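The values are calculated or read from the model by the stated rules, or taken from the named source; none is laboratory data. Here the structure is a predicted model, which means the values were calculated and not measured. Heads up, the Cβs are rebuilt from the backbone with ideal geometry, glycines too, and the neighbour counts pull from every protein chain shown. Note: accessible area is taken over every heavy atom of the protein model, side chains too, but ligands, DNA and RNA are not part of it. Shrake-Rupley method; radii C 1.70, N 1.55, O 1.52, S 1.80 Å.
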Amino acid sequence: MQPATDPNSYDALHRRLHLGTLTWRGPARMLFARTVFAVGAQALVAAVFALRSSPTPWHAAEPWLPVYGTLIDAGCLALLWRLTRREGIRLVDLVGFERARLGRDTLLGFALIPVYLAFILGGIAATGWLLYGTLTPPYLSGPLPLPAALYGVLVWPFIWGLTEQMTYNGYLVPRFQVLCRSTSVAIAGVAFAWSVQHVFMPLTFDARFMAFRLLSPVPASVFATLVYLRLRRLVPFAIAHALMDGASVLIGVLLPLLTA
């Protein structure tokens, strides 16, 4: 557990609740913010394709998530900055970074990967079997130019992993734990919102694929929120998240481009 002096600890959040600087308004706004920003960012990219006379601009924008995803992160970080400022803390307080723990947190991040992957792949396999009748359901990816693919491997996952973990684990689940006075309700609500965002990243308007994207992340989302509340250390989760996302773009996009 984090010490009580940590601005993002349970005790510190509980004090701010009684002082009135922590209210339902901030977490409620943040709960589906990434989903809203995702639709807006994809619409912006689709507009670019429409201006270039693409016959299917929305569909053409879908593979560009590893690039326009940084716009989603920028919106989330801006909103998190405003919300944390209203509480009287800094944005970086959501991370709880400690230089002395960086080595241990890095090792813990690597140790989390196989367990995290087990929940991710288990969710994919189970939902794929349920909706598609196969353990290997469709994986949505598409070709990108080499600079975009490199960005998706070397830059995007590190911003994405940190911001997503800050949003759901660093900000939302500790606050709902205090506001709801229930750890289980906080985990269920935040894990649901975390899973919902995948339906819109990217938004395909394919009902079965959207259902697959909604259900498959649930086990991993529950795992991440549950373990984070136990450890109260965000850096290991951000490291694991970034490396897994980077590997997915490397395998799904960059390697096919390099070996074509």
*Using Rg and Dmax of the Cα atoms in Å as the read-out, say which of (1) 18.6, 60; (2) 18.9, 63; (3) 17.3, 55 was calculated from these coordinates.*
(1)
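Determine the per residue accessible area of the stretch 70-181 with all protein chains present and a 1.4 angstrom probe, expressed in square angstrom.
Numbers: 5600 Å² over 112 residues.
Roughly 50 Å² per residue, with all protein chains present.
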*Add -39500 (n - 2.57) for each DSSP H run of 4 or more in the chain, then divide by its residues: what number comes out at 222 nm, to the nearest 500 deg cm²/dmol?*
-22000 deg cm²/dmol
*With a point put 7 Å past each Cα toward its Cβ, work out how far residue 231 is from residue 98 in nm, to one decimal.*
1.4
*Quickly work out the residue 86-to-residue 24 label distance, labels modelled 7 Å from Cα along the C-beta direction, and quote it in nm with one decimal.*
1.4
*Expressed as an acute angle from 0 to 90° and rounded to the nearest 10, what is the orientation of the C-alpha long axis of helix 102-132 relative to the principal long axis of the chain?*
50
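Please identify every one of the trypsin sites (Lys or Arg not before Pro) in the stretch 1-82 that sits in a loop by DSSP and has no more than 12 other beta carbons within 10 Å of its own beta carbon. Kindly include the intermediate steps, with their values, before the conclusion.
On the way: sites: 15, 16, 25, 29, 34, 52, 82; in loops: 52.
Loop-located and lightly packed - 52.
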_Which one, 83, 221, 39, is farthest towards the positive end of the dipole of the chain when Lys and Arg carry +1 and Asp and Glu -1 on their Cβ?_
83
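Work out which chymotrypsin sites (Phe, Trp or Tyr not before Pro) in the chain are exposed loop sites (DSSP not H, G, I, E or B, at most 15 other Cβ within 10 Å) and give the longest gap free of them. Provide the component values of the computation, followed by the final result.
Working: sites that count: 24, 32, 97, 139, 205.
By the stated rule (loop sites, at most 15 other Cβ atoms within 10 Å), 140-204.
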_Highest-MSF residue in the chain out of 66, 236, 138 [GNM, Cα springs under 10 Å]_ = 138
*asked:* Please give me, ordered by residue number, the trypsin sites (Lys or Arg not before Pro) of the stretch 183-260 that lie in loop per DSSP and have at most 15 other Cβ atoms within 10 Å.
replied: none
*If you build a Gaussian network model of the chain, linking Cα atoms that sit under 10 Å apart, which residue out of 141, 182, 248 swings the most?*
182
_Which of 225, 167, 183 ends up with the largest GNM mean-square fluctuation for the chain, with Cα atoms connected below 10 Å?_
183
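First compute the accessible area of the chain with a 1.4 Å probe, then give the percent of it belonging to carbon and sulfur atoms. Intermediate values should be presented prior to the final figure.
On the way: 8810 of 12500 Å².
Of the solvent-accessible surface of the chain, carbon and sulfur hold 70 percent.
Could you give the length gained by full extension between residue 260 and residue 126, i.e. 0.36 nm per residue of separation minus their alpha carbon distance, to one decimal place?
Values: separation 134, 0.36 × 134 = 48.24 nm, distance 3.18 nm.
The residue 260-residue 126 span can extend by a further 45.1 nm.
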